[in-house]
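Visitor: One structure follows; several queries about it will come next.
The values are calculated or read from the model by the stated rules, or taken from the named source; none is laboratory data. Note that the structure is predicted; figures quoted are calculated from it, not measured. No Cβ is skipped: glycine too gets one built from the backbone with ideal geometry, and neighbour counts run over all protein chains shown. Note: areas computed on protein heavy atoms with side chains; ligands, DNA, RNA excluded. Shrake-Rupley method; radii C 1.70, N 1.55, O 1.52, S 1.80 Å.
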Amino acid sequence: MFEQTLFQRLLDPQPYRPTTRFDAARQMESVLGHLRELFNVRAGAVPTRPDYGLPDFNDLVSEFPTAVPVISRAIKQQIEMFEPRLKRVSVRHVPDPDRPLSLFFNISAEMVVPDGQERVAFETVLGADGSVNVR
């Protein structure tokens, strides 16, 4: 049942049919999709939840590299607040001297599954244009 968010289940063209078999791959895709949405929404853009989404990091450009921990913390806080299927979240900056206009972060966490938790990792790239890619 936690393989998809409520909104994803409502939009799914195939009606939800409860099964006894859990699909971890489907849940992982759902989590990835939600993180992509979450990270590409700017804080304040959702009237009912002004705390949903990442701040506009263009305001921090003059503060690099000291802004990197601020961005790491913001990513971690958003996951902890809005993605309940992930626990024990860790966000680590990975410098890439070949692409100085992009910021790379490794996210590791435990994904909640019916039998407990499963270790997962994501790569997140904040591009120079402000977009965020999660894979």
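Visitor: List the extent of the Cα atoms of the chain along each of their three principal axes, largest first, rounded to whole Å.
Guide: On the principal axes, the chain reaches 52, 33, 22 Å in Cα extent.
Visitor: What's the magnitude of the charge dipole for the chain around its Cα centre, counting Lys and Arg as +1 and Asp and Glu as -1 at the beta-carbon? Answer in Debye, nearest 20.
Guide: Taking the Cα centre of the chain as origin, the dipole is about 340 debye.
Visitor: Moving on. Identify which of Ala121, Ala25, Ala74 has the largest mean-square fluctuation in a Gaussian network model of the chain, with springs joining Cα atoms closer than 10 Å.
Guide: Ala25
Visitor: Have a look at Val113, Val31, Val46 and tell me which one the Gaussian network model of the chain (Cα, springs below 10 Å) gives the largest fluctuation.
Guide: Highest fluctuation among the options: Val46.
Visitor: Still on this structure: HN-Hα J couplings of segment 94-109 from phi, Karplus 6.51/-1.76/1.60, θ = phi - 60°, integer Hz, Gly and Pro as x?
Guide: 10, x, 10, x, 6, 9, x, 8, 10, 10, 10, 9, 9, 10, 10, 7
Visitor: Further question on the same structure: Could you tell me which of Pro13, Ser131, Ala121 has its Cα farthest along the dipole of the chain towards the positive end, charges placed at Cβ (Lys, Arg +1; Asp, Glu -1), taken about the Cα centre?
Guide: Result: Pro13, furthest along the dipole toward the positive end.
Visitor: Pop a pseudo-label 7 angstrom from the Cα along the beta-carbon direction at both Val46 and Phe64 and give the gap in nm to one decimal.
Guide: 2.8
Visitor: Out of every Cα-Cα pair in segment 87-135, what percent are more than 16 Å apart?
Guide: In whole percent, the share of Cα-Cα pairs in segment 87-135 beyond 16 Å is 47.
Visitor: Roughly to the nearest percent, how much of the accessible area of the chain is carbon and sulfur, given a 1.4 Å probe?
Guide: Roughly 56 percent, rounded to a whole number.
Visitor: While we're on this one: Trypsin sites (Lys or Arg not before Pro), restricted to segment 44-88: which are DSSP loop and have at most 11 other Cβ atoms within 10 Å?
Guide: Listed in order of number, the matching sites amount to none.
Visitor: I would also like to ask the following. Would you mind telling me which residue in Glu63, Glu29, Glu123 has the biggest mean-square fluctuation in a Gaussian network model of the chain, where springs connect alpha carbons within a distance under 10 angstrom?
Guide: Result: Glu63 has the largest fluctuation of those listed.
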